[in-house]
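In what follows, a structure is listed as structure tokens, so that the remarks can point back to it.
The values are calculated or read from the model by the stated rules, or taken from the named source; none is laboratory data. Model, not experiment: these values are computed from the prediction. Virtual Cβ from ideal backbone geometry, glycine too; neighbours counted across all protein chains shown. Accessible surface areas use protein heavy atoms only, side chains included; no ligands, DNA or RNA. Shrake-Rupley method; radii C 1.70, N 1.55, O 1.52, S 1.80 Å.
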Amino acid sequence: MKVYKFGGASVKNASAVKNVYEIIKSESGPLAVVISAMGESTNLLELLVRSFSDNDDKKWEIFNAFRGYHQEIISDLFGEQGMPQGVYQLFTDLEHKLRTRPSYDYNFEYDQIICFGELISTRIVSDYLNAAGHANVWVDIRNSLKTDDTFRDAKVDWEWTDELIKEEFNFSDTNLYITQGFMGSTTANLTTTLGREGSDFTAAIIGSILEAESVSIWKDVPGILSADPKKMKDTVKIGELSYKEAVEMTHSGAKVIHPKTMQPLHNKGIPLLVKSFVLPQDPGTVIHKIDHKIELPPIFILKENQVLITLSAKDFSIISINDIDRVVNFLLGRLIKVTLMQQSAIDLNIVADAWDEDLEEVFGELSEHYKIRYNTGLTLVTIRHYTEEVLDWMVKEKDIYLEQHSRLTARMLIKE
């Protein structure tokens, strides 16, 4: 059997859904399909979560925009048949949730609302395929992918998940399952999520447990490129990568694959294919076990909207392992995504994804021990397989706030 994963861009409108149907139809063997929320609807749901948590009546305007976007796709796909009952029920469930009083746990409320993007998306695709004569079974992944209760960044309970995935995806009554990415549930059946863009990880979990022949991620690019074509010119496609190289790239911020995807596939020796849903016959990029050395071009990864936090001990003492321990535990407790850390004698520099809350407020409790400085609006540039010529070109006429080099990787925090 194989596992396919389709991201939001691949199901952003009715014609895109029909294209996904053609790709699925071309696979004759057993297939599990993981599908993300449609288009940019997750961004809309994040606004809805914030409005709901703030008890702001604007939530109904956002809800109607979310529903209207999907209604247009449904009308184009189903015509006079109207909204399928399963989809209608999900909108009803979301509306009911919005009429309740929010708890004080924002991360919990986030997961209970954000999941409707994937649930509705997969229902629409599943119902469309069935209506087109391609029989499939819709699966609520929350029934089989079990996690702890770390909302918004849940850890997989592999023992329970292994047993339940094998039970749910048994291929005894169908050759095709349609399910959601990004989400799971606790043993108490409270919805959790695996982290933003976590659908790739879901596909890898299913593929590893079912020992799939391969896992394919379908994108709007021809495979893995040497840089994001939206940000840099003259990119080249990379035909194959090792698991290790892919992990290094995703850890540095390459958005083509979720960082957690590689481990379960590596451990089972399952190849990961990154393919184009625009040109499905193209081979794309294969990530697999490679024992020999392969020559790779410089690979550029740009992670924007970064913040640099510099902590210096108020008593002018040297930064010690105890300081690092205190700060790391602080960051973990607030789910702050750190992308780079660097220590000098008296400074501890932390580069992290920017977030909505006020920086002064978030780091207030550390101010008893440290003087804290911030720089915002920065870009972390990672270059794998760099050359001196590439470095010189990359840093030309740019302010460099931080720099770090290893044998194969150069990382620079810059402001244009």
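See the values below:
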{"item": "Within the range 145-168, tally of residues that are part of a helix (DSSP H, G or I) and out of contact with any helix residue (DSSP H, G or I) (no Cβ under 6 Å at 6 or more places or on another chain)", "result": "9"}
{"item": "Which numbered condition S121 misses (of (1) under 26 Å from Y21 (Cβ atoms); (2) of a type in the set (G, A, S); (3) in a loop (DSSP other than H, G, I, E, B))", "result": "(3)"}
{"item": "Single residue of the range 373-416 satisfying the filter (β-branched (V, I, T) and open to solvent by 50 Å² or more (accessible area, probe 1.4 Å)) that is nearest to A227 (Cα to Cα)", "result": "T387"}
{"item": "Any chance D149 is open to solvent by 10 Å² or more (accessible area, probe 1.4 Å), free of Cβ contacts under 8 Å to residues at least 60 places away in the same chain and closer than 22 Å to A14 by Cα", "result": "no"}
{"item": "Single unsatisfied condition, G79 versus (1) farther than 20 Å from D200 by Cβ; (2) modelled with pLDDT of 95 or more; (3) of a type in the set (G, A, S)", "result": "(2)"}
{"item": "Considering residues of the range 25-73 that are among the hydroxyl-bearing types (S, T, Y) and open to solvent by 50 Å² or more (accessible area, probe 1.4 Å) only, the residue modelled with the lowest pLDDT", "result": "S28"}
{"item": "Residue count for the range 275-301, restricted to those that are open to solvent by 40 Å² or more (accessible area, probe 1.4 Å) and outside any loop (DSSP other than H, G, I, E, B)", "result": "1"}
{"item": "Single condition F66 does not satisfy, out of (1) touching a residue at least 12 places away in the same chain (Cβ under 8 Å); (2) out of contact with any Leu (no Cβ under 9 Å at 6 or more places or on another chain)", "result": "(2)"}
{"item": "All positions within the range 247-274 that are open to solvent by less than 30 Å² (accessible area, probe 1.4 Å), in a helix (DSSP H, G or I) and aliphatic (A, V, I, L, M)", "result": "M249, M262, L265"}
{"item": "Strands (runs of 3 or more DSSP E) contained entirely in the range 313-416, each with at least 2 residues that are among the hydrophobic types (A, V, I, L, M, F, W, C) and under 27 Å from the mean Cα position of the chain (by Cα)", "result": "338-343, 347-353, 370-384, 409-415"}
{"item": "Residue that is open to solvent by 60 Å² or more (accessible area, probe 1.4 Å) and either under 26 Å from L332 (Cβ atoms) or without any contact (Cβ under 8 Å) to a residue 60 or more places away in the chain (or both), where the choices are D200, D228, D162, D234", "result": "D234"}
{"item": "All helices (runs of 4 or more DSSP H) inside the range 1-116 with 2 or more residues being closer than 18 Å to N130 by Cβ and out of contact with any Cys (no Cβ under 7 Å at 6 or more places or on another chain)", "result": "14-25, 58-78, 85-98"}
{"item": "Criterion (more than 23 Å from E213 (Cβ to Cβ), modelled with pLDDT of 90 or more and loosely packed, with under 15 Cβ neighbours inside 10 Å) met by exactly one of S317, S312", "result": "S317"}
{"item": "From A188, A154, A132, A204, residue being small (G, A, S) and more than 27 Å from F108 (Cβ to Cβ)", "result": "A132"}
{"item": "Residue satisfying all of: in the range 219-246; of a type in the set (G, A, S) and outside any loop (DSSP other than H, G, I, E, B); nearest to the chain's Cα centre (by Cα) among these", "result": "A246"}
